[in-house]
Amino acid sequence: MDSSNSIIDQVRAAAASGQRLVVRGAGSKPWMAMSADRGQGLSLSSHNGILQYDPAELVVVVRAGTPVMELEAALAERGQMLAMEVPDFNGGSTIGGAVALGWSGSRSAFAGGVRDSVLGLRMVNGQGDDLRFGGQVMKNVAGFDVSRLMVGSCGRLGVILELSLKVVPRPQQEISLILSYPDLESSQAAVRTWIQQGYPLSGASFSEGNLRLRLSGPGAVLDAAAADIRGDAEDTHWWSALRRLEHPLFHHGWGDEKLFDCNGEVCWTAHSRRRGDGAPVSLASGPDLAKAPNRALLTRVEQAFDPAGVFRPAEAA
Amino acid sequence: MTANFDQGLDDALPAVDRQALLAALEDVLPADALLTEPEQLRPYECDALPTVRTLPLLTVLPETVAEVQAVVKTCAGLGVPIVTRGAGTGLSCGATPVETGVLLVTSRLDAVLSVDVEARLARVQPGVRNLAVSDAVATHGLFYAPDPSSQLACSIGGNVAENAGGVHCLKYGLTVNNVHAVTVVTMDGELLELSVDDLGPDLLAAFIGSEGLFGIAVEITVKLLATPPAVETLLVAFDRMADCSRAVSATIAEGIIPAGMEMMDRMALRAAEDFAQAGYPRDAAAILLVELDGHAASVAAEREALEQVMRQAGATSIRCALDDEERALFWKGRKSAFPAVAKLLPDYYCMDGTIPRAAIGEVLDYICARSEVYGLPVANVFHAGDGNLHPLILFDANDPGALEKSERLGAEILEKCIELGGTITGEHGVGREKINQMAVQFSDAELDQFRRLKRAFDPRGLLNPGKTIPTLKRCQEYRSIVKDRAH
Ligand SMILES: Cc1cc2nc3c(=O)[nH]c(=O)nc-3n(C[C@H](O)[C@H](O)[C@H](O)COP(=O)(O)OP(=O)(O)OC[C@H]3O[C@@H](n4cnc5c(N)ncnc54)[C@H](O)[C@@H]3O)c2cc1C
């Protein structure tokens with residue numbers, strides 16, 4: 001269903017009356033429950049559906065409120081998948097919410113993350129302007145790259161209405177292997193040698209002395225890789241559980257135990273997620289953009305998109 | 001209406017006191033880093049699109065980041081515009097100087113600072129040449145993926161500013177997908193660190209492709225990839241252009257994503273063959289150069305599938321490079337195609353529109369028809385896999401009106417790309433050259449959003465003024481011309 005006119009009207013009305021809005025997809029993220037006291041909710045869940053999809057163009061255009069799972073099922077029917085892997089909270093996340101959060105899943109270390117998949121978008125800024133940036137083609141450098149700027153913006157710069165996303169052929173097969181290593185560093189070194197061999201890795205995570213590998217590709221290559229790597233085969237469900245944050249770590253907590261994903265680039269604890277040198281993000285309260293680096297520049301960027309502060313969280317007002 | 005700077009249509013440049021500026025810069029730079037005489041400034045008057053030329057007020061060649069900051073602070077204090085220049089291989093007049101501004105050239109900032117083999121990252125200065133990065137890390141079995149055809153000469157700083165692509169970006173992405181962090185000197189002379197790991201909106205991605213309007217990149221951390229263990233390069237010939245176009249979409253539809261997929265039409269392939277003796281079949285209507293890489297077993301499977309797709313699409317011959325030497329020769333032809341075509345007539349104008357793959361055949365027919373109407377030959381050599389066209393319009397600027405005709409034909413081609421759901425530029429950027437077409441591709445509200453984003457980075461508009469984003473006035477003027485043309 002197309003709710004773009006009503007969404008644009010709501011933003012315009014809020015800008016005119018000085019009201020604050022909190023953009024919500026399906027509200028699937030754990031910290032979304034507490035967002036209600038930060039402003040009037042602006043729900044995108046009824047703004048959904050695939051707008052354009054031609055497999056030979058390797059791109060899909062989709063409304064932001066479309067559930068990730070629904071989109072992935074439609075792509076799978078044509079033997080394709082999203083180039084990015086995004087977390088799926090409780091099986092309900094919307095694609096717009098996933099891009100606004102910008103968390104890239106296990107495959108990102110080998111095949112690129114959310115920012116690498118976004119080719120274009122339609123959005124409403126804080127003035128209620130209906131804007132389109134980027135497009136449906138792989139390469140587009142006309143004007144500044146607002147589409148990718150929106151990745152990780154957490155609803156702060158505007159409402160994403162539609163997304164053009166890169167898609168890729170589905171791998172013919174997928175396997176998961178488990179091996180033990182004394183520490184993260186030694187497991188990372190091993191993974192590097194397999195990357196150098198050209199094995200089609202799509203996941204490398206380390207926790208509790210176990211290195212788990214996921215490989216995706218043609219059967220012949222997976223056979224060669226498995227014979228060389230020599231781990232124990234395991235069900236690939238482990239990876240979808242991690243993706244849905246259904247790993248036991250998130251339910252019971254493991255004390256101070258850490259789970260490293262993306263060959264060490266991402267570090268999960270029972271309560272937080274951290275990427276590279278970035279600050280840890282609490283799973284209870286979500287990303288706190290007040291803690292973002294380059295805060296002064298970011299404030300000017302926020303004002304450039306949302307001069308009236310429609311999307312500014314109440315506590316930052 | 002040309003893209004040339006026009007007092008009445010573009011924002012006026014600030015008046016500058018040259019003597020005061022010179023005195024202030026002499027305080028912060030060694031004498032040999034400051035060029036002031038017309039004969040010293042002449043080599044910097046244009047980039048690789050030489051139809052637009054302007055002498056800068058002064059040129060500076062800083063050797064350290066501290067010198068860059070000192071120059072910027074001096075200019076900011078005196079309200080002097082700055083245009084940054086890398087190697088000057090840009091094709092959209094992005095580094096063309098402005099009359100009352102300083103041209104800051106990064107050529108002396110040319111060190112590879114460090115290579116982290118384990119993290120597969122290299123820290124480099126902006127003036128490092130693109131190919132020098134891959135050369136510096138080759139012994140570790142690594143390479144830097146974005147490979148513009150100008151890679152022998154162009155700088156990493158210029159690549160970041162243009163979000164440059166290359167012949168392998170179908171599989172490996174553009175510059176934005178291969179940069180981990182950038183250190184920027186902003187127009188207040190301060191340092192800004194942007195990284196993919198930063199929380200919040202992706203400011204790093206927004207900086208990449210900002211064409212020198214947001215800041216000066218002074219250090220770039222690029223991602224490196226493992227050299228693929230197996231590579232196959234196929235040279236596929238067709239005796240009909242339409243078959244060749246169809247083969248591109250058919251390959252993708254088959255689930256094959258080659259590392260690169262380049263197309264050349266007859267005029268381009270003959271010129272390249274005469275120039276480089278690459279072994280191209282001179283009688284073909286068009287050729288595809290397709291590269292597959294990865295694990296040997298997957299490359300072998302893909303090659304078999306690819307050959308079948310090509311034969312079904314009507315390929316008349318398929319040759320696979322027998323060794324690295326022949327592979328290098330196949331690519332040499334492609335990478336020297338621009339200079340090779342340039343030998344046919346005194347001048348050429350290179351376009352950069354991108355369209356959905358399915359429209360390649362249609363747009364090539366359109367270009368062919370318009371080329372006849374204008375009486376200007378057009379050669380096509382381009383990144384077919386991602387629909388990024390590079391029609392080369394050939395002309396002789398000494399013929400009265402030929403330059404204007406080439407620009408009009410170029411504008412029509414770009415506007416056709418927009419109509420087909422594409423864009424006016426896939427990798428060369430807008431600069432000054434495509435400033436008019438921005439008014440066709442974007443609405444006033446979108447352009448206004450660009451202007452406000454620019455001011456967030458550079459509130460006084462001193463960095464690369466007049467480039468990339470047209471004024472409201474220019475837009476209104478150009479749109480009315482386009483409308484009249486349609487009537
Ligand atoms: C024969 C030929 C083939 C080409 N093939 C390709 C190709 O395949 N793919 C492709 O993408 N391009 C191609 N190009 C275009 C060109 O090489 C690229 O745009 C390249 O990235 C420009 O780099 P440069 O160092 O020459 O930049 P310049 O031309 O010097 O500058 C380009 C822009 O970058 C800005 N800039 C430069 N350095 C910095 C910095 N440190 N910080 C901030 N801004 C900066 C300038 O202000 C300007 O706006 C080709 C050009 C030629 C002549």
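Note on A:127-138: average number of Cβ atoms from other chains within 10 Å of each residue's Cβ is 6. Modelled this way, with points 7 Å down the Cα-to-C-beta line, the labels at A:ARG78 and B:LEU22 are 6.3 nm from one another. A 1.4 Å probe run over the protein chains yields, for the protein assembly as shown, 37 Å² of accessible area per residue, whole-number rounding.
Taking the chain by itself as reference, region B:106-123 contains these residues with an accessible-area loss of 30 Å² or more in the full protein complex (1.4 Å probe, heavy atoms): B:GLU118, B:ARG120.
Just add up the charged neighbours of B:SER443: K/R +1, D/E -1, any other residue whose Cβ is under 10 Å from the Cβ of B:SER443. That works out to -4. When you restrict to C-alpha pairs under 8 Å that are six or more residues apart and normalise by the size of region B:246-306, the relative contact order lands at 38 percent.
Remark on B:LEU389: its backbone amide H falls under 5 Å from those of B:GLY353, B:THR354, B:ILE355, a criterion applied only to residues 5 or more positions apart or on other chains, H modelled at 1.01 Å from N. Note: relative contact order over chain B, using C-alpha pairs below 8 Å and six or more positions apart, is 15 percent. Within the shell defined by Cβ-Cβ distances under 10 Å, the residues around B:TYR374 carry a net charge of +1, with Lys and Arg each +1 and Asp and Glu each -1.
For region A:173-282, what percent of Cα pairs sit more than 19 Å apart? Cα-Cα pairs in region A:173-282 separated by more than 19 Å: 44 percent. Between A:ALA227 and A:GLU70, the contour length at 0.36 nm per residue exceeds the alpha carbon distance by 52.9 nm. Remark: accessible area buried at the B-A interface is about 5400 Å², both chains counted, probe radius 1.4 Å.
I want to verify a result. In a Gaussian network model of chain A, Cα cutoff 10 Å, which of these has the top mean-square fluctuation: A:ASP277, A:ASP145, A:ASP306? It is A:ASP277. Peptides B:75-83, B:143-151, ordered by how many other C-beta atoms sit within 10 Å of their residues on average, highest first, read B:143-151, B:75-83. You can think of it this way: the chain between B:ALA305 and B:ASP116 has 64.3 nm of extra reach, that is 0.36 nm per residue less the Cα-Cα gap.
Each residue, B:SER317 and B:ARG485, gets one label point 7 Å from its Cα in the Cβ direction; the gap between the two is 4.0 nm. Taking a Cβ cut-off of under 13 Å around B:LEU91, the surrounding Lys, Arg, Asp and Glu residues balance to a net charge of -4, with basic ones at +1 and acidic ones at -1.
Were the residues from B:THR139 through B:GLU362 laid out at 0.36 nm apart, the gain over their Cα-Cα distance would be 75.8 nm. Inter-chain Cβ neighbour count for B:445-457, averaged per residue, equals 6 (cutoff 10 Å, partner chain atoms only).
Taking 27 Å as the straight-line reach from the Cα of B:LYS343, the lysines in range (excluding those fewer than 8 positions away in the same chain) are B:LYS332, B:LYS335, B:LYS405, B:LYS434. Relative contact order of region A:173-282, taken over Cα pairs closer than 8 Å and 6 or more residues apart, is 27 percent.
Once backbone amide H atoms are built at 1.01 Å from N, B:ASP197 has no partners under 5 Å, excluding neighbours fewer than 5 places away on the same chain. Treating r as the C-beta distance of A:ALA290 and B:ASP283 and R0 as 51 Å, the FRET efficiency rounds to 0.15.
Please find the FRET efficiency linking B:LEU78 to A:ARG300, where r is the Cβ-Cβ separation and R0 is fixed at 25 Å, and quote it to the nearest 0.05. That gives a FRET efficiency of 0.60. Legend: mean number of C-beta atoms from other chains within 10 angstrom of residue C-beta atoms, peptide A:56-63, equals 4. Sorting A:191-204, A:5-18, A:72-85 by average packing, meaning the other beta carbons within 10 Å per residue, from highest down gives A:191-204, A:72-85, A:5-18.
With r as the distance between the Cβ atoms of B:VAL373 and A:ASP2 and R0 = 45 Å, compute the FRET efficiency 1/(1 + (r/R0)^6) and round to 0.05. Efficiency at R0 = 45 Å is approximately 0.65. Between B:GLY173 and any residue 5 or more places off or on another chain, the built amide H atoms are never under 5 Å apart. Determine the share of the protein assembly as shown's accessible area contributed by carbon and sulfur atoms, expressed in whole percent, with a 1.4 angstrom probe. Roughly 50 percent, rounded to a whole number. Could you work out how far apart the two model spin labels at B:GLU39 and B:GLU99 are, taking each label as a point 7 Å from the Cα in the direction of the beta carbon, and quote it in nm? Reported label-point gap for B:GLU39 and B:GLU99 is 2.5 nm.
The values are calculated or read from the model by the stated rules, or taken from the named source; none is laboratory data. Just so we're clear, the structure is a prediction, and the values are computed from it rather than from any experiment. Please note: Cβ atoms are built from the backbone with ideal geometry, for glycine as well, and neighbour counts cover all protein chains shown. Side chains included, ligands, DNA and RNA excluded: accessible areas come from the protein's heavy atoms. Shrake-Rupley method; radii C 1.70, N 1.55, O 1.52, S 1.80 Å.
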